[in-house]
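Everything on this sheet refers to the single structure shown next.
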Amino acid sequence: MADVVTCKCLIGGQWTEARTERFADVWNPSTGELIARTPLCANEDVDRAVRAAQAAFPAWRDTPPPDRARVMFRFRNLLERNADDVARICTREHGKTFAESRASVQRGVEMIEFACGLPSLLVGENTRNIAPNVDAETVRHPLGVVAGITPFNFPAMVPLWMYPNGLTCGNCFILKPSERVPLSSIRVAELLLEAGVPEGVFSIVHGDKTCVDALLTHPDVKAISFVGSTAVAKHVYETGTAHGKRVQAAGGAKNHMVVMPDAELHPTVRGMLHSAYGCAGERCMAGSLAVAVGDVADELVAHFADEVAKIRVGRTDVPEAAVDMGPVISRQHLDRVLGYIDSAEREGAKIVLDGRKVKVANSPEGFFVGPTIIDHVQPEMTVAREEIFGPVLPFVRVKTLDDAIALGQRCQYGNGAVIFTNSGPAARKFKHEFPAGMIGVNLGVPAPMAWYPFTGWRNSFFGDLHIQAREGMLFYTQQRMIMTRWFEPAQIDKHDPVWRPGKS
Ligand code: NAD
């Protein structure tokens, strides 16, 4: 217990103890050991953070955009220099492999690089003489105090989808990281402070529903960015908008991977494998339902099972760990994933590779489940419909591409979908007709990079403007339209009547 740290909030530029008696546990999922306690803040801490942010807002709003961007340049360099350190923290609290954590930090670096260029996007528009002697212009203004609420699965990266853009647009930002993985956010925030972000401009509060609801209902929080499960995304969207806020809320997913009979088998298997089992399946863009079209299924499943059986499962928190896949986030989540495999067996599907049997010798208390393949799954079975968020890939067999698209229509989610094929017409039909917001052709994870928005559809997103890229900038700013007229004294006709109906 000696090494168990109690996390602090960042309020007004200072690391400060939360005013709460409630705490959540943070585990090392590789060992099942308790490593930290997250305070579960309520109204008082949220209000302190909002007041500090409000106080900092006028000066930050008036800081020239290139100077705000310069903070991001320094932040980017610091994060790159400390990427291994951040990745190690991420792996320790989340369980994904060091390579996966490191790659996610690199994605975060790219988010900051995008924000470094935001002054180019913040330029307004103008028209000279929109009416006689009248000029029109638009100017982008920040919103004020905005907040981000993030999930457990990308502790370092997902917060960086939000606050580099929010801050560079001139807002003050309050982050509420997942209470299950607060340590990466704290380390990255230290780097942001080192980069020179002024006091109160960036804050961290910790917590669960109580803290989230305090942000959603606080009258001085102007906008909420959320990433997490669909049920909570919907709650955040409905509550936040009911309290007059802008909300962008990304939710859960069930991403279909459609394999046509003409697909190149070997790269298809590789793409599917990384998609389904990368980060132990805990990715909102993970391929989570394989749809084998026509007669491809038997050969595909056999080849796929041969490759998946080679995945090495084990502790990720030891240096140079020779493992390909780590544990899932918690004991509770492990039980949930195991329960899904049980349900498939009960409902009559065939377990081709059974992750329930995995044993990690040097860590009996770790939260491990091995990669699992389930074949002959029917569309109405639980594992075909629900998000499992673990290393489990169910296979459904259909006759035609139209059947595969119809299966997509019945899915409540619409985050991503991919097709593996050598047929241009099939790929074209798929990308135009499959009901998901992010489409991949012959690649497993079509997650957009920093320069594109994260365009989930259906129950995978609630809101109008998506997170990341130009849409992120639009979300964090409001436009002002200004009409201007100046008078040349010599041109003023003092005999012209002041009141002339129809003229202004
Ligand atoms: P979660 O919904 O349980 O938690 C997300 C955030 O909401 C956390 O900060 C948590 O503290 C808070 N929260 C939890 N319950 C709440 C409640 N009842 N009321 C208010 N706030 C609450 O999600 P998670 O388990 O941390 O993350 C996994 C989920 O996130 C998966 O469904 C995954 O698909 C999704 N996800 C989506 C995207 C995307 O871009 N669409 C990206 C990453 C993860």
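The values are calculated or read from the model by the stated rules, or taken from the named source; none is laboratory data. These numbers come from a predicted model, not from an experiment. Heads up, the Cβs are rebuilt from the backbone with ideal geometry, glycines too, and the neighbour counts pull from every protein chain shown. Ligands, DNA and RNA are stripped out before the accessible areas are found, and what is left, the full protein with its side chains, is counted by its heavy atoms. Shrake-Rupley method; radii C 1.70, N 1.55, O 1.52, S 1.80 Å.
Listed values, structure above:
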{"item": "Among beta bridges that DSSP assigns inside the chain, antiparallel share in %, nearest 5", "result": "40"}
{"item": "Reachable lysines, given that their alpha-carbon falls under 28 Å from the alpha-carbon of Lys209 and they are not under 8 places away in the same chain", "result": "Lys8, Lys96, Lys176, Lys222, Lys234, Lys245, Lys254"}
{"item": "Accessible area of Leu338 in the full protein assembly, 1.4 Å probe (Å², nearest 10)", "result": "40"}
{"item": "Cα convex hull of region 344-451 - mean projected area over all directions, nm²", "result": "9.3"}
{"item": "Spin-label model distance (nm) - Ala242 vs Ala136, 7 Å beyond Cα toward Cβ", "result": "3.8"}
{"item": "Residue-by-residue Karplus 3J(HN,Hα) for region 452-459, coefficients 6.51, -1.76, 1.60, Hz, glycine and proline x", "result": "10, x, 8, 9, x, 10, 6, 7"}
{"item": "Tyr413, Tyr237, Tyr277, reordered so the largest accessible area comes first (probe 1.4 Å)", "result": "Tyr237, Tyr413, Tyr277"}
{"item": "Peptides 22-28, 392-398 ordered by average Cβ neighbours within 10 Å, highest first", "result": "392-398, 22-28"}
{"item": "Heavy-atom accessible surface of the chain: percent carbon and sulfur, 1.4 Å", "result": "51"}
{"item": "Dipole-positive endmost among Gly408, Gly326, Ala147 within the chain (Cβ charges, Cα centre)", "result": "Ala147"}
{"item": "Accessible solvent surface per residue of region 149-246, calculated while the other protein chains remain in place, 1.4 angstrom probe, Å²", "result": "26"}
{"item": "Coarse-grained scattering of region 255-441 at q = 0.08, 0.10 Å⁻¹, given as base-10 log I(q)/I(0) from a Debye sum over alpha-carbon atoms", "result": "-0.24, -0.37"}
{"item": "Heavy-atom accessible area ranking, 1.4 Å probe, most first, across Asp496, Asp402", "result": "Asp402, Asp496"}
{"item": "Label-to-label distance, nm, for residues given as Asp295 and Ser423 (7 Å Cα→Cβ offset)", "result": "1.4"}
{"item": "Calculated diffusion of region 250-305, Stokes-Einstein form, Kirkwood radius summed over Cα pairs, 4 °C and 1.567 mPa s, µm²/s", "result": "111"}
{"item": "Kirkwood estimate for the chain, i.e. one over the average of 1/r between Cα atoms, Å", "result": "24.2"}
{"item": "Straight-distance crosslink candidates among aspartates and glutamates, where the alpha carbon sits under 19 Å from Lys357 and sequence neighbours closer than 8 are dropped", "result": "Asp306, Glu307, Asp324, Asp335, Asp342, Glu345, Glu365, Asp375"}
{"item": "For region 159-315, the spread of Cα positions along each principal axis, largest first, Å", "result": "59, 37, 27"}
{"item": "Residue order for Trp486, Trp15, Trp457 - accessible surface, 1.4 angstrom probe, largest first", "result": "Trp486, Trp457, Trp15"}
{"item": "Test item: Cα-centred dipole of the chain, Lys/Arg +1 and Asp/Glu -1 on Cβ, debye", "result": "860"}
{"item": "Residue-normalised accessible area of region 370-504, expressed per residue, 1.4 Å probe, Å²", "result": "54"}
{"item": "Per-pair calculated FRET efficiency, R0 = 41 Å: Thr63 and Lys234 via Cβ, rounded to 0.05", "result": "0.70"}
